[in-house]
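Accompanying notes for the structure given below.
The values are calculated or read from the model by the stated rules, or taken from the named source; none is laboratory data. In this text the structure is predicted, and so the values were computed from the model without any measurement. Cβ coordinates were reconstructed from backbone atoms using ideal geometry, including for glycine residues, and neighbour counts include every protein chain displayed.
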Amino acid sequence: MSRPLRARLSARALATNFSVARGHAGSAQVMAVVKANGYGHGAEFVARTLHNADSFGVASIEEALTLREAGVRKPVYLLEGFFESREITVAARHGLIGVLHSESQIEMLTASDRPAQIWLKLDTGMHRLGFEATRCAGLRTELESSARAQVTGVMSHLARADESDPRATQVQINAFSQATESGRIRRSLANSAGLIAYPEARFDCVRPGIMLYGSSPFALRDAASLGLLPVMTLESELISVRACRKGDAVGYGGDFVCPEPMPVGVVACGYGDGYPRHAPPGTPVLVAGSRVPLIGRVSMDMISVDLRSTPKARVGSRVVLWGEGLPADEIAARAGTIAYELFCNVNPRVPRVTM
Ligand SMILES: *Cc1c(COP(=O)(O)O)cnc(C)c1O
């Protein structure tokens, strides 16, 4: 039998989470954000399952072409715009919409032989990508009178919509409203956190990412309370159960020393698969349906677990690292990261099994 580790993907959970997003969106269109290979879930699987999304968002032309090759006909947005002028021609041919954020990208428009369909990225306070409001307005007039580009929308991104203090987000929402109120332009501001927490941030199109995959964008509200279901269950099996003696040191560095005779299980999953190496001892692992603590250091291909509370565990017992029964958000918090990173880091060697 092959190595038992796999990422099981639930199309039903994904579709449910999309309906939750749709429910929050009111009359706004919903762009499903599928960059980074659908947050590690497989962009093709996500796009096929979410055939009722109004559009898709990706980070590069390669990601966009993957969707087109998979038969996706809906509008696809390049959220970081074009990286070289050659991409404008490819985008025009495949009906991809570039979200332009810099002067150098505007210069590419003049260097291209095809007119582009674009949105402009406006900086409303995140200070990462985007034009200042005055420059954005100027560009709209300039580009509208040139034949180089058709500007159909303006987008901005929220930096702090996941926090409980709403002030910074309200400043961004107001800045966005003001800068975009003139003209028949389409407007988009909200990520998952903005979509759930700020109805006034919906505008014409919302852009959920993480919530589609069943994780909460908020540190203080869990996914289940938002009606979200885990899409990915990273599951494996116990490949060894040892009866260790009192004083036995387990794993690299001998960090864990058995305080008494005890069963120690080894799970086929490690940081080489995307399990966070910084997950500390005590991080929960689901073995045969029961939570047991991680012990010792995470290895490349394995982790060790304390089986004292689950004496029925055997070689071959099912293990869940995160997903159904064990929220990825909880594991992420233990490891000092966010579920976004856990999902993106699931290594290509881990087979994705869709159901
Ligand atoms: C990634 C991304 C999103 C989705 O953000 P989530 O927090 O995952 O909902 C939305 N908009 C842009 C521009 C993004 O890059």
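Brief remarks on what is shown
- Qualifying residue in the range 186-193 (condition: within 30 Å of Ala116 (Cβ to Cβ), in contact with a Leu (Cβ under 9 Å, 6 or more places away or on another chain), surrounded by fewer than 21 Cβ atoms within 10 Å (Cβ to Cβ) and of a type in the set (S, T, N, Q)): no
- Among the residues of the range 179-205, the ones that are more than 9 Å from the ligand (Cβ to nearest atom) and assigned to a strand (DSSP E or B) come to 3 in all.
- Hey, Val46 within 14 Å of the ligand (Cβ to nearest atom), touching an Asp or Glu at 6+ places or on another chain (Cβ under 8 Å) and either in contact (Cβ under 8 Å) with a residue 12 or more places away in the chain or not in a loop (DSSP other than H, G, I, E, B) (or both) or not: no
- Residues in the range 153-168 that are of a type outside the set (D, E, K, R) and either away from the ligand (no atom under 13 Å from the Cβ) or touching a strand residue (DSSP E or B) at 6+ places or on another chain (Cβ under 9 Å) (or both) were compared, and the one that is farthest from Ala190 (Cα to Cα) is Ser164.
- Applying the criterion of being within 16 Å of the ligand (Cβ to nearest atom) and farther than 12 Å from Pro75 by Cα to the residues of the range 93-103, the residue that is surrounded by the most Cβ atoms within 10 Å (Cβ to Cβ) is Leu100.
- In the range 225-245, the residues that are at positive phi reach residues that are outside any strand (DSSP E or B) and at pLDDT 95 or above with C-beta atoms within less than 8 angstrom, at least six apart or across chains, in these pairs: Gly227/Thr16; Gly227/Val20.
- Contact map, the range 275-298: residues that are closer than 23 Å to Cys344 by Cα and at pLDDT 95 or above paired with residues that are surrounded by fewer than 17 Cβ atoms within 10 Å (Cβ to Cβ) and of a type in the set (Gly, Ala, Ser), Cβ distance under 8 Å, separation 6+ or inter-chain. Pairs shown: His278/Gly336; Leu286/Gly325; Leu294/Gly282; Arg297/Gly253.
- Considering the conditions (1) touching a helix residue (DSSP H, G or I) at 6+ places or on another chain (Cβ under 9 Å); (2) within 22 Å of Ser177 (Cβ to Cβ), Leu67 is excluded by exactly one of them, (2).
- Among the residues making up the range 126-162, those that are crowded, with 20+ Cβ neighbours inside 10 Å and under 22 Å from the mean Cα position of the chain (by Cα) are Gly130, Met155, Ser156, His157, Leu158, Ala161, Asp162.
- Restricting Ile118, Ile106 to residues that are within 20 Å of Ala59 (Cα to Cα) and within 16 Å of the ligand (Cβ to nearest atom) narrows the list to Ile118.
- Of all residues in the range 261-274, those satisfying the criterion of being of a type outside the set (A, V, I, L, M, F, W, C) and in contact (Cβ under 8 Å) with a residue 40 or more places away in the chain are Pro263, Gly265, Gly272, Asp273, Gly274.
- Which listed residue is under 27 Å from Pro217 (Cβ atoms), among the basic types (Lys, Arg) and loosely packed, with under 15 Cβ neighbours inside 10 Å, from Arg277, Arg318, Arg352, Arg334: Arg277
- Residue match in the range 321-338 (condition: assigned to a loop (DSSP other than H, G, I, E, B) and in contact with a strand residue (DSSP E or B) (Cβ under 7 Å, 6 or more places away or on another chain)): yes
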